[in-house]
Amino acid sequence: MSELTFSIIKPDAVKAGKIGDIMKMISDAGLKIKATKMIHMTQAQAEGFYAVHKERPFFGELVEFMISGPCVVSVLEGEDAIKRYRDLMGATNPNEAAEGTIRKAFGAGIEANACHGSDAPETAAIEVPYFFSNLEMVN
Ligand code: RTP
Ligand code: MG
């Protein structure tokens, strides 16, 4: 079944000039870009987005990282898009990420790991409308 997932090219990868490379990997994987834009998150936006992690010891640092520069947020669509994009991203820790994944290619460490992708349909259903309205998505 075709589904939507939400993607972030994180500030580390944007700073490193990797937007084009990562977008190409997404296209080459057969995921369709329904919407995309560059944003610089406010602290409140980043805290809200990662609210599930607010009790984790790395929460403060993660928010600081996510607001350290602009990022590219996108909505991707395809058959089994959530799992396929997670597979394309690779393991959270780039040192453990498989060859050919975004994090293996561009991740610097456990935090500055180049990208985010929704981890389940329920998460995608929250994350997509957190940054995009229906009017911003192509049909
Ligand atoms: P994401 O949510 O960004 O797609 O990444 P994920 O599911 O692979 O990993 P998750 O456990 O949800 O962690 C969210 C993000 O927090 C940062 N992190 N830092 N310092 C640390 O130990 C640590 N652990 C995670 C990473 O940026 C991770 O992607
Ligand atoms: Mg996650």
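Exactly one residue among V52, V73 is under 13 Å from the mean Cα position of the chain (by Cα) and not aromatic (F, W, Y), and that residue is V73.
Could you identify the single residue in E3, E111, E55, E64 that is away from ligand 1 (no atom under 13 Å from the Cβ) and acidic (D, E)?
E3
Every read-out reported here was derived from the displayed coordinates using simple, explicitly stated rules and does not represent laboratory data. The structure displayed is predicted, hence computed values, not measured ones. Note: ideal-geometry Cβ built from the backbone for every residue, glycine included; neighbour counts use all protein chains shown.
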